[in-house]
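Reading through the structure tokens given below for one structure.
The values are calculated or read from the model by the stated rules, or taken from the named source; none is laboratory data. Just so you know, these numbers come straight off a predicted model, no measurement behind them. Reconstructed Cβ throughout: ideal geometry from the backbone, glycine too, with neighbour counts over all protein chains shown.
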Amino acid sequence: MANANQLAEWLREEKGRKDRICHEYLRSRKYSVKSALNKAGEPTRARAGQSAKSSERIRISNDEVVAFLEKARATSTQTQYRSVARGYSNFVATQDPSAAPFPIDAEMLIRYVAYLTKIGRASSTIFKYIRVLRVQDRACKGARPWSTSEEELMRLAREAVRRICGTSPPTQALTLTDGELRNAALVTPRSGRKEASTAVLLGVAACLRPGELHALNRKDIVYDAAERALWVTVREGKTDIERVGETVLVSCCCENSIEGPTYYCPVHRTLKLLEVSDVGHNESIFGCSRSQLDEDIKEILRVTTGRNERATSHALRRSAAHLMAARGVSPQQIADHGRWRSTTTVINTYLRQSSSYKEDAQEYSMMMFAPQRDQPRQPVGAASQRKMSLGETARAVESARPPDSAISSKAGVETMSRGWTNAWRCWARLQFQSKYLPWHPSRLDRLKYH
């Protein structure tokens, strides 16, 4: 009986000791979990090797999140989106001060479209505003899918814009001919910056966009003396979303010149610019701002072409595509050199609306209606078969006659005999074809004279 009481006492003591250990463990566990909670009451997930205390010090604000998401678009696109949203917000404030611009109300957007039509905006501009606002609306908290009736009203609004404003093809930048490009190399703008003419040559040769051209610095241009060419690195291209960078080769165009480097060679003009320029390694090699360079290029284009409309710095890239296409370069090669994503943009956009259309079109009628002469290869058929005249036969015999020096030997006599025989066979074959086989030209291949 005593042993049973002692055993029960010992079990109670052991149970109490284990309970105290368990309570202490749970108390410490609860404290550690509580210390890892953030202000929102959610546990923070720290990386391996990173304590909860160090991760507590990292805070991401709403402005940082907005700035992070804005990196998904180019700087110019961000500016455009902000401008469109600002204009729509101001319109909503004038219509209903208590209404919020986002999420977008379909009725308010249609009212805004009617306002843009009334003030004379182009149809392409209105459609762009609608597209931008719909994109921004999808990223807004609380946005909902539009109903079928709302989508139908939006479609009717677009059709009304087309009927009222009409549609016009997009205005493209002008294009330079090869002569105008050489003349542009000699023009100095009123600002006195001679670097602008070099920028025109390099922009056309490397097929650069205006922003890519101005962003070039000394580190982006490497001269290869063995190849006599420049390797131009485009650090941030429009289609290079990952910012990997692309390299364009610009070769020398004065290799056959006896007098030395030509004034329009982009390689030598760029090398000379780098020699005399004192800009830093991280600054633009043209030593001016983007707006100043654009104005200088526009002035050079106006002086060279005599046209004020469509004279923009983007004309350099379009001119490069037109000049390469005029010399037989395929659209695939143009897309590779110009870093386009596909040949569709090259064919449907960049190779359209050439500035030299008037000069080119003057020859189209003559090309279509003029008789074809001196064709190297005539099609085989009844219409192409004709009898050989006596004069043509004599010329064929004369062309087959060996030179007089070859007749001085027995071999020469044999050669002359074979020449006359071949000429006679050629004449006989044409006579036979024109007389008996005008209706079945496929049988002409069977006539073989050896």
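Looking at the structure I just gave you, is A225 in contact with a helix residue (DSSP H, G or I) (Cβ under 9 Å, 6 or more places away or on another chain) and aliphatic (A, V, I, L, M)?
no
Exactly one of (1) within 21 Å of H314 (Cβ to Cβ); (2) without any contact (Cβ under 8 Å) to a residue 24 or more places away in the chain is unmet by L181. Its number?
Every condition holds for L181 apart from (2).
Which of the numbered conditions does T171 fail, given that it passes all the others? Conditions: (1) part of a helix (DSSP H, G or I); (2) within 18 Å of F127 (Cα to Cα).
(1)
Could you check the range 199-227 and list, in sequence order, the residues that are within 22 Å of the chain's Cα centre (by Cα) and charged (D, E, K, R)?
Hits for the range 199-227 are R209, E212, D220.
Surrounded by fewer than 11 Cβ atoms within 10 Å (Cβ to Cβ) and touching a Pro at 6+ places or on another chain (Cβ under 7 Å): is that true of G166 in this structure?
no
Go through the range 343-366 and report how many residues are more than 16 Å from Q172 (Cβ to Cβ) and modelled with pLDDT of 90 or more.
1
State all residues of the range 80-97 that are surrounded by 11 or more Cβ atoms within 10 Å (Cβ to Cβ) and among the β-branched types (V, I, T); if no residue qualifies, say none.
Across the range 80-97, the qualifying residues are V84, V92.
Working carefully through the options F127, F68, find the one that is assigned to a helix (DSSP H, G or I), at negative phi, of a type in the set (F, W, Y) and surrounded by 14 or more Cβ atoms within 10 Å (Cβ to Cβ).
F127 is the lone residue from the list that is assigned to a helix (DSSP H, G or I), at negative phi, of a type in the set (F, W, Y) and surrounded by 14 or more Cβ atoms within 10 Å (Cβ to Cβ).
Matching residues to (1) over 25 Å from the mean Cα position of the chain (by Cα); (2) modelled with pLDDT of 95 or more:
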site: I110; (1), (2): yes, yes
site: S123; (1), (2): no, no
site: C140; (1), (2): yes, no
site: M154; (1), (2): yes, yes
site: V161; (1), (2): yes, yes
site: T167; (1), (2): no, no
site: T171; (1), (2): no, no
site: S197; (1), (2): no, yes
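Take the residues in the range 312-342 that are free of Cβ contacts under 8 Å to residues at least 12 places away in the same chain and under 10 Å from the mean Cα position of the chain (by Cα), then tell me which one is surrounded by the fewest Cβ atoms within 10 Å (Cβ to Cβ).
This residue is S342.
Would you tally the residues in the range 312-328 being of a type outside the set (D, E, K, R) and assigned to a loop (DSSP other than H, G, I, E, B)?
4
Can you work out which of the residues in the range 351-368 that are within 21 Å of V204 (Cα to Cα) and free of Cβ contacts under 8 Å to residues at least 60 places away in the same chain is surrounded by the most Cβ atoms within 10 Å (Cβ to Cβ)?
This residue is L351.
Can you name every one of the helices (runs of 4 or more DSSP H) wholly within the range 193-311 that holds 3 or more residues which are β-branched (V, I, T), crowded, with 18+ Cβ neighbours inside 10 Å and touching a residue at least 24 places away in the same chain (Cβ under 8 Å)?
The helices (runs of 4 or more DSSP H) meeting that bar are 195-206, 290-305.
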